[in-house]
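Down below is the structure, laid out as structure tokens.
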Amino acid sequence: MPTEHDAQPWAIRSTLIAVSDLNRSIDFYREIGPFQELLRDDAVAVLGDPSPESIMLILRETRSNRQARHGPQSLGLRTVTFNVGSQAELDRIEAVLHRRGLFTSRRSMAEGASDLLNGRDPDNLPVTFVRYDVGATIGADYYRSVMDLFYSLDT
């Protein structure tokens, strides 16, 4: 039984994403993932599940004429990666990305230990979806491949 002093695994609870069109982005993220609209107030929406274990996406509409991402050296969120539980879910997400014209690539890594699906959100933010084989062992070569991949996502 865990105690207050036992180390607990960390997970990202929420991510704030600046978007140019709130309705369009809500529609995209609700279709792509297990996100329902929990709250919307003016130019901000919270998507997720009411459970405290759920990841939340906080979408904030920017009301500026300068709605551009500025290259791989700019500060701020550069990509979002989601773990998905099954090959079927990865296939479903790929179909959504293709239908919306937002698919980038799909590849198997670490001799089939994982599959990575890359795309873009409606504002051109790179999004990645990964499925891991249960019980697969991954090592340093896998993480080096992932690191190299992330350099290419942002261009």
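Bear in mind that the values in this text are calculations on the coordinates, not laboratory data. Only a predicted model underlies this, so the values are computations on that prediction, with no experimental measurement involved. Virtual Cβ from ideal backbone geometry, glycine too; neighbours counted across all protein chains shown.
Sequence-ordered 3J(HN,Hα) estimates for region 38-47 from the Karplus curve with 6.51, -1.76 and 1.60 and θ = phi - 60° stand at 8, 7, 9, 9, 6, 9, 10, 9, 10, 10 Hz, glycine and proline given as x. The amide H of Met56, built 1.01 Å from its N in the peptide plane, has Ser14, Thr15 as neighbours under 5 Å, considering only residues 5 or more places off or on other chains. Centroid-to-centroid, using Cα positions, region 88-108 and region 18-59 are 20 Å apart. Other residues whose C-beta falls under 10 angstrom from the C-beta of Ile55 contribute a net charge of -1, scoring Lys and Arg +1 and Asp and Glu -1.
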